[in-house]
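A.B. asks: So that we are looking at the same thing, I have put the structure below in structure tokens.
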Amino acid sequence: MNEHITLEAIARLEDAPDARFKAVMTSVVKHLHEMVREVEPTMAEWEQAIRFLTEVGHWSDDKRQEFIILSDTLGITMLVDAISNQKPEGATETTVLGPFFVEDAKSLPYGANISESGDGEATLVTGSVSGLDGEPLSNARLDVWQAGPDGFYDVQQPNKFPNGNLRGVFHTDEAGRFAFCTVKPAPYPVPTDGPVGRMLLAAGRHAWRPAHLHFIITADGYQRVTTHLFVSGSEYLDGDVVQAVKASLIVDFTQCDDPDESTRFNLPIPYFKLDHQFVLAPEI
Ligand code: BEZ
Ligand code: FE
């Protein structure tokens, strides 16, 4: 029934010059038509769907990307990740980017503290970046960002943190090593004050993410890795609202009281420490 409408919509893509565009749009038309056949929305319901997507657009700008939050909370981002980001055995796994990455955060030296306010539990993050055969990657770039202990990113509090907070860019040394100081991340909810928040509420879903640090790691000749490190034992590891947890990305933050390290990195005792080895696959 009504098949001719779908067939005609698909036929109108016949002359699209770009083959990939044609394939993607044909699939979009096919699946949306199928969805309409299954759901049988009234015109009022369809208009409501259009208003929702319009609102998602209006909420999106360079500081707040509601479309990313929509894609993430519907599991679509992790499905794209699973299909398009397959890495060889031993390489660090990827996960969602999220909406709070900032291009061109400030570059900081080895060991610098990314916490402007110092609020939270002092933490030392150390580690290395290597290739699959263990070759150390010097001058690899690590973009690092996280929410504060109150659950907000600096870009959500521009008046409090006009110069940024809890983010920075580090480069590995000759031995492929990096270090920085921060505060231990805490669980937080994705922003719920927009249309996606209403969608979660209507679905009877919570909005929480387990405690994590974000990383993007790049090195010449190697595949970029967009990932998180999750705090072992954190609440919501089992129910992340964006389904982004992978077992290999759950790491221990160990309580430490080494006086030499505390002096070297200007940290109070006790502090937490995380040491992690990132492994990049070669560019194909
Ligand atoms: C985040 O981790 O920053 C995030 C990821 C997905 C949606 C919202 C926030
Ligand atoms: Fe996050």
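The values are calculated or read from the model by the stated rules, or taken from the named source; none is laboratory data. As the structure is a prediction and not an experimental result, all values here were calculated from the model. Every residue, glycine as well, gets a Cβ built from its backbone with ideal geometry; the counts of neighbours run over all protein chains shown. For accessibility, only protein heavy atoms count, side chains too; no ligands or nucleic acids. Shrake-Rupley method; radii C 1.70, N 1.55, O 1.52, S 1.80 Å.
A.B. asks: If exposed GluC sites (Glu not before Pro) are those in a DSSP loop with at most 10 other Cβ within 10 Å, what is the longest stretch of the chain that has none? Could the numbers behind the result be given before it?
C.D. replies: Working: sites that count: 14, 89, 103, 174, 283.
It runs 175-282.
A.B. asks: Using 0.36 nm per residue of separation minus the Cα-Cα distance, give me the extension gain between residue 135 and residue 255 in nm, one decimal.
C.D. replies: Working: separation 120, 0.36 × 120 = 43.20 nm, distance 2.96 nm.
Answer, rounded to one decimal: 40.2 nm.
A.B. asks: Right, another one. Which whole-number value in Å³ per residue fits the convex hull of the alpha carbons of the chain? Walk me through the numbers on the way to the answer.
C.D. replies: Details: hull volume 46.0 nm³, N = 284.
Value for the chain: 162 Å³ per residue.
A.B. asks: Follow-up question, since we're still on this one. Have a look at 205, 20, 224 and tell me which one the Gaussian network model of the chain (Cα, springs below 10 Å) gives the largest fluctuation.
C.D. replies: 20
A.B. asks: Turning to a different aspect of this structure: Which residues' amide hydrogens lie under 5 Å from the amide hydrogen of residue 276, considering only partners 5 or more residues apart or on another chain, with H built in the peptide plane?
C.D. replies: Sorted by chain and number, the residues that satisfy this are 126, 127, 128.
A.B. asks: Can you compute 3J(HN,Hα) from phi for each residue in the range 64-76, using the Karplus curve 6.51 cos²θ - 1.76 cosθ + 1.60 with θ = phi - 60°, rounded to whole Hz and x for Gly and Pro?
C.D. replies: Taking θ as phi minus 60°, the curve returns 9, 10, 5, 5, 5, 5, 5, 4, 5, 6, 9, x, 6 Hz for the range 64-76.
A.B. asks: Once you've got the GNM for the chain with C-alpha springs shorter than 10 Å, pick whichever of 37, 64, 264 has the biggest mean-square fluctuation.
C.D. replies: Looking only at 37, 64, 264, the largest GNM fluctuation is found for 37.
A.B. asks: Can you give the FRET efficiency to the nearest 0.05 for residue 20 and residue 283, using r as the Cβ-Cβ distance and R₀ = 22 Å?
C.D. replies: Values: r = 22 Å, r/R0 = 0.98.
Once rounded, the FRET efficiency stands at 0.55.
A.B. asks: Here's a follow-up. So between residue 27 and residue 13, what do we pick up on full extension, going 0.36 nm a residue minus the alpha carbon distance?
C.D. replies: Values: separation 14, 0.36 × 14 = 5.04 nm, distance 1.08 nm.
Result for the pair: 4.0 nm of gain on full extension.
A.B. asks: Can I ask one more? Hey, what's the Cα Rg ratio for the range 174-284 versus the globular rule of thumb, 2.2 N^0.38 Å? Mind showing how you got there, number by number?
C.D. replies: On the way: Rg = 17.3 Å, N = 111, 2.2 N^0.38 = 13.2 Å.
For the range 174-284, the normalised Cα radius of gyration is 1.32.
A.B. asks: Follow-up. Given a cut-off of 21 Å, name the pairs among 22/87; 184/273; 87/246 whose C-alpha atoms lie farther apart than that in the structure shown. Working shown, then result.
C.D. replies: Values: 22/87 28 Å; 184/273 9 Å; 87/246 13 Å.
Result: 22/87 exceed 21 Å.
A.B. asks: Still on this structure, please answer the following. Calculated FRET efficiency, residue 160 and residue 34, Cβ-Cβ r, R0 45 Å, to nearest 0.05? Present the calculation step by step, with values, prior to reporting the outcome.
C.D. replies: Numbers: r = 47 Å, r/R0 = 1.05.
The value I calculate is 0.45.
A.B. asks: Does the range 3-59 come out rounded, prolate or oblate, given a ≥ b ≥ c as the square roots of the eigenvalues of its C-alpha gyration tensor, rounded meaning a/c under 1.5 and, failing that, prolate meaning a/b above b/c?
C.D. replies: Values: a/c = 2.95, a/b = 1.44, b/c = 2.05.
Here the range 3-59 falls in the oblate category.
A.B. asks: Among the lysines, which have Cα under 18 Å from the Cα of residue 106 when same-chain residues fewer than 8 positions away are ignored?
C.D. replies: Reachable lysines: 63, 160.
A.B. asks: Ignoring ligands, DNA and RNA, what percent of the 1.4 Å accessible area of the chain is carbon and sulfur? Spell out each step's value before the answer.
C.D. replies: Numbers: 8400 of 15540 Å².
After summing per-atom areas, the C and S share lands at 54 percent.
A.B. asks: Select from 100, 178, 161 the residue whose mean-square fluctuation is largest in a Gaussian network model of the chain (Cα-Cα springs shorter than 10 Å).
C.D. replies: Per the Cα network of the chain with a 10 Å cutoff, 161 tops the list.
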